[in-house]
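In what follows, a single structure is set out as C-alpha cells and then discussed.
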Amino acid sequence: MPHCVVAVLVLLLVCAGVAASVPVADKAALLDFLAGVGGGGRARINWASSPRVCGNWTGVTCSADGSRVVELHLPGLGLLGPLPPGTLGRLTALQVLSLRANNLSGPFPEELLALAALTGLHLQLNAFYGAVPAELARLQSLQVLDLSFNRFNGTLPGALSNLTQLVALNLSNNSLSGRVPDLGLPVLQFLNLSNNHLDGPVPKSLLRFPDAAFAGNTMARSAPASPVVPSSSRSLPVTGAPAKRRVRFSEAAILAIVVGGCVAVSTVIAVFLITFCNRSGSEEVSRVMSSKSGDKKGRESPESKAVTGKAGDGNRMVFFEGPALAFDLEDLLRASAEVLGKGAFGTAYRAVLEDATTVVVKRLKEVSAGRRDFEQQMELVGRIRHGNVAELRAYYYSKDEKLLVYDFYSTGSVSNMLHGKRGEDRTPLNWETRVRIALGAARGIAHIHTENNRKFVHGNIKASNVFLNNQQYGCVSDLGLASLMNPITARSRSLGYCAPEVTDSRKASQCSDVYSFGVFILELLTGRSPVQITGGGNEVVHLVRWVQSVVREEWTAEVLTSS
C-alpha cells in the first residue's frame, strides 16, 4: 500500500510539472490574436487544430521549460488589418516578434511597447502608418528594429538613443521627415534610413555608415564618406618617370631604410616558408594564434546538415559544424542587408538576421562548375578549421543562385584599412599591426596548403580577402573559389596579385599563392595598391614593377609608407 501511495504522489507531481509547463496564458493570447486578425492567411496557421503549443504551433517557439512563448514568427501569411488589441501585448516573455511581409495596418501597436523582453521586432513590408513612437525607448533589450517599407511619417524621435543595445535599425522606405537626431547607439552595426524625406546634416555619430544608408533623402555629410576605392591622390608615379620630386638621403639613411625593409620582408617570408615546410610547427603556433579556443583541426570531417530549399528540385542549404546558426534560406534572403563590396567572383553582403546574428553572405556569379564539383569543393573548404582562416559556415546551390555564408569581421578587410578610409579621422596601421596581419595571413595560407593531401590552393590571395581575427592577426578568406569560376573571370580576379605563370596557364598553384602573398607584403610595406591607373586612365602602374624600378634607381626610401 505505501508503494501505491508513493507511486500516486510521483504521478501527481509529474502531472503537475507538465501542467505547469504549458503556457496557458500565452496560448489564450495567441488564440485571441488569431480570432481577431483579418486576412485569408489565418487558414495557414494550425493553432486551432492542435492543443500542444510548444513544438506544434506554426511560428511559435517556447522557452526551454515550455512555460512561456518567447518567439513568434508569422511572416508572409497574408494577415490583414490592425493588430487585435489586448492580444500580443500579453506575451510578456516574448523576445522576437516577426510579422513581416503581411498587409497589417494602423498606427504602431501600442501594446507592443509593454514587451520589455523584446530583442527583435520585425514589422517591415506592411502598411503601418503614423509616428514612430518615442516610447520605443522602453524596450531596453531591443537589438533589431525593422520598420521598413511601411507608411510611418513625422520626425525620428531622439528617445531612440536610449536603445543602447541596438545592433540593427532599418527605417527605410517610409515617409519620415525632418532632421535625424544624434542617436549615438554605440553598438549599432547596420543602419538604413534611405528613401524617406529626411534632411539636414548626417549626425556625427552616424558618419561611420555608408552613403547608401541615407540615400533618397536630402541629407548632407559634414565630413566625407569613406570611399570604396583608393583615392586618386595616392596614385603611383609612372615607372621610369616619377611624378614626385625625388628626396635625397644620405648613404647611411638609405642603407638603414633598405636593411630595415629587407629585414621586415625577410622575416615575414621566412616565417611563411618555415610554417609551410613544417606542418607540425605551424599547427603548434596556430593554437596560440587562433582567434577562438578549442578550434578543431582542419582534417576532421565536418558534421554538416542540409536544409531543404525549393521543394522538389534538390536544392539545399548546408551548414557546417561550429556555432549553431538558426536560420533558413528564407531568413537569409529577407534579412536586412548592406553591400560590403563587389568583386570578380560576386557581391558580398552583411546580413543581420532576426535574432541579431550578423553574417556575411557572398552571392557568386559566373560559376562554371557543376553541382557535384561545387559541392565537393565546398565540403573541402567547410572542413578547414584554423584561427587564421575564415571558416565557411554554410552554402547554398541552385541553378540560379549560389550563396556562401561566413562570419562577419567588424574591422573590415585589410584593403579597406589601407586604402578605403581617408580624412583626418583615419587611423593608420602601425608597423606592429602590419606585422601581425602578415604573420597571421602566412600561417593561414600555410595551413590551407596542407589540406587535401597538401594539394589545396587558395587561388585568390589579396588584401580584400584578408581580415583581422579576434587577436588582431591576419585571417584569410575566400579560399578555393577560383577553381569553380569561369577561367576568364578567374584570370581577372586579382589584377596585380596574379603570378606571371597564371596569366598564361590560367591555373593557380601553391607557388602562385606564394607570389600573391609576396605582392600583399609589398602592399603592407608601401601602403599602395597593386595596380594604379594614372594619366587620366591611360596608364597602368603595377606595384611590383614600380618597386623594382625604385630599387634600381636607388631611391628606396620612397617605397615605404609614411603612415
*Here are some conditions: (1) assigned to a strand (DSSP E or B); (2) under 30 Å from the mean Cα position of the chain (by Cα); (3) surrounded by fewer than 17 Cβ atoms within 10 Å (Cβ to Cβ). Asn153 meets all but one. Which one does it not meet?*
(2)
*Do you know which residues across segment 54-68 are in contact with a Gly (Cβ under 8 Å, 6 or more places away or on another chain) and part of a loop (DSSP other than H, G, I, E, B)?*
Cys54
*Consider only pairs whose beta carbons are under 7 Å apart and that are at least six residues apart or on different chains; among these, list those whose first residue lies in segment 13-33 and is in the same structural domain as Val69 (by TED's automatic domain parsing) and whose second residue is aromatic (Phe, Trp, Tyr) and at pLDDT 50 or above.*
Leu30/Trp47; Leu31/Trp47
*Filter segment 75-97 for residues that are buried (at least 20 other Cβ atoms within 10 Å of the Cβ) and part of a helix (DSSP H, G or I) and give the result.*
Leu88
_Every residue from segment 525-558 that is aliphatic (A, V, I, L, M), crowded, with 16+ Cβ neighbours inside 10 Å, modelled with pLDDT under 80 and over 34 Å from the mean Cα position of the chain (by Cα)_ = Val550, Ala557
*What pairs come up if the first residue lies in segment 54-74 and is among the acidic types (Asp, Glu) and buried (at least 16 other Cβ atoms within 10 Å of the Cβ), the second is at pLDDT 90 or above and assigned to a loop (DSSP other than H, G, I, E, B), and their beta carbons are under 9 Å apart, counting only those six or more places apart or on different chains?*
Glu71/Leu94; Glu71/Gln95
*For Arg385, which of the numbered conditions (1) charged (D, E, K, R); (2) in a helix (DSSP H, G or I); (3) within 22 Å of Ala446 (Cα to Cα) fails to hold?*
(2)
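Yes or no, residue by residue, for (1) of a type in the set (A, V, I, L, M); (2) closer than 28 Å to Ala213 by Cβ; (3) touching a residue at least 12 places away in the same chain (Cβ under 8 Å):
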{"site": "Leu77", "(1), (2), (3)": "yes, no, yes"}
{"site": "Leu88", "(1), (2), (3)": "yes, no, yes"}
{"site": "Asn126", "(1), (2), (3)": "no, yes, yes"}
{"site": "Ala131", "(1), (2), (3)": "yes, yes, yes"}
{"site": "Ser141", "(1), (2), (3)": "no, yes, yes"}
*Identify the residue in segment 47-69 that is β-branched (Val, Ile, Thr) and touching a helix residue (DSSP H, G or I) at 6+ places or on another chain (Cβ under 8 Å) and, among all such residues, is farthest from His122 (Cα to Cα).*
Val53
*Within segment 147-156, can one find any residue that is at pLDDT 95 or above, of a type in the set (Lys, Arg) and on the phi < 0 side of the Ramachandran plot?*
yes
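The values are calculated or read from the model by the stated rules, or taken from the named source; none is laboratory data. Here the structure is a predicted model, which means the values were calculated and not measured. Note: ideal-geometry Cβ built from the backbone for every residue, glycine included; neighbour counts use all protein chains shown.
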